[in-house]
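Trainee: Following this message is one structure expressed as structure tokens.
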Amino acid sequence: MLHYYGSYDFVVCGGGTSGVTAAVASARTGAKTLLIERTGQLGGQMNFSGPPGFSYAYLFNALHEQVIAGFAAETHNRLLEMGHALPHTLTDWRGSYVFSYVDPDRWGLLIYQILTEEKAEMMLHSLITDVIKENNTLKGVVVEHPSGRSIVLAKVVIDCTGEREIGYQAGAPV
Ligand SMILES: Cc1cc2nc3c(=O)[nH]c(=O)nc-3n(C[C@H](O)[C@H](O)[C@H](O)COP(=O)(O)OP(=O)(O)OC[C@H]3O[C@@H](n4cnc5c(N)ncnc54)[C@H](O)[C@@H]3O)c2cc1C
């Protein structure tokens, strides 16, 4: 049986680093935002492969100029203040490969807090299994989650599954 879960401005599929960043950016514009993640944690590959460490790798160039800021820098700075990150390692011998280490478990907890503060909704333990299309337009997704199989409608669906699962299910060339 299919339940109706809700309608959103912006539905983000996948709660890895890209999905979380998209959800926070969307929620900060005031858009009604839902993040759907199949596991019980945020961070995606950062958590699957990360502990005990994960590093933002290219926030600085070889001249030690910061070239990437935004949400990566914001989360690194906040974790640094809390003692759950290390200062940027600006070494000459690594060329442009500058590490900015964060603790992935603490990163996930911080993200949970930020998404809650920004009033973005989360559906964890929720696997997207299909898409809803009207003609050639994506209208939402079908999700298997602990309270049953549900339909989620969206003005915009963004695929952050890391493997373009939603695009594939929608019939887009992958
Ligand atoms: C071993 C390893 C070490 C790495 N180390 C570093 C590093 O130190 N520094 C660095 O910058 N990069 C590193 N990378 C690369 C980095 O991890 C990835 O580029 C990055 O995590 C990709 O983020 P993403 O959000 O696009 O995808 P992912 O992190 O893969 O997130 C995708 C999310 O979507 C969810 N999902 C997938 N399908 C569905 C579905 N159908 N329904 C619901 N949810 C779904 C997944 O559970 C996952 O949480 C590493 C990669 C690996 C494999």
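Trainee: Working from Cα positions, state the angle (0 to 90°, nearest 10) between the long axis of helix 104-117 and the longest principal axis of the chain.
Mentor: 60 degrees
Trainee: Pairs of lysine in the chain with Cα under 12 Å and at least 8 positions apart or on different chains: total?
Mentor: 4
Trainee: Taking only Cα atoms, what is the 0 to 90° angle, nearest 10, from helix 70-82's long axis to the longest principal axis of the chain?
Mentor: Roughly 60 degrees, rounded to the nearest 10.
Trainee: Continuing with this model, one more query. Per residue of the chain, what 222 nm ellipticity follows from adding -39500 (n - 2.57) for every DSSP H run with n ≥ 4, rounded to the nearest 500?
Mentor: -8000 deg cm²/dmol
Trainee: In what order do S100, S55, S18 fall by count of nearby beta-carbon atoms within 10 Å, going from fewest to most?
Mentor: Listed from fewest to most nearby Cβ atoms, that is S18, S55, S100.
Trainee: Related question: Using +1 at the Cβ of each Lys and Arg and -1 at the Cβ of each Asp and Glu in the chain, identify which of Y56, S147, M122 lies farthest towards the dipole's positive end.
Mentor: Of the options given, the answer is S147.
Trainee: How would you rank L110, L80, L63, L34, going from fewest to most other Cβ atoms within 10 Å of each one's own Cβ?
Mentor: Neighbour counts put them in this order, fewest first: L63, L80, L110, L34.
Trainee: Next up: Could you compute the FRET efficiency for Q45 and A69, with r as their C-beta to C-beta distance and R0 at 22 Å, rounded to 0.05?
Mentor: 0.50
Trainee: Scaled to the compact-protein estimate 2.2 N^0.38 Å, what is the alpha-carbon radius of gyration of the range 22-75, rounded to two decimal places?
Mentor: My calculation over the Cα atoms of the range 22-75 gives 1.43.
Trainee: Can you give the angle from 0 to 90° between the axis of helix 17-28 and the longest principal axis of the chain, with both taken from C-alpha atoms, to the nearest 10?
Mentor: The two axes meet at around 70 degrees.
Trainee: Return, ordered by residue number, the residues of the range 13-50 whose backbone nitrogen is under 18 Å from a label point located 7 Å along Cα→Cβ of A172.
Mentor: 13-23, 26, 34-37
Trainee: Treating the beta-carbon of each Lys and Arg as +1 and of each Asp and Glu as -1, no other charges, what is the dipole magnitude of the chain about its Cα centre, to the nearest 20 debye?
Mentor: The dipole magnitude comes to about 300 debye.
Trainee: Neighbour counts of other C-beta atoms within 10 Å: give me T75, T29 arranged from fewest to most.
Mentor: T29, T75
Trainee: Something else now. Output the Cα-based Rg and Dmax of the chain in Å, rounding Rg to one decimal and Dmax to a whole number.
Mentor: For the chain, the Cα-based Rg and Dmax read 17.6, 59 Å.
Every number here is computed from the coordinates shown, using simple stated rules; none is lab data. The model shown is predicted, which means the values in this text are computed figures rather than measured ones. Positions of Cβ are backbone-derived with ideal geometry, glycine not excepted, and every protein chain shown enters the neighbour counts.
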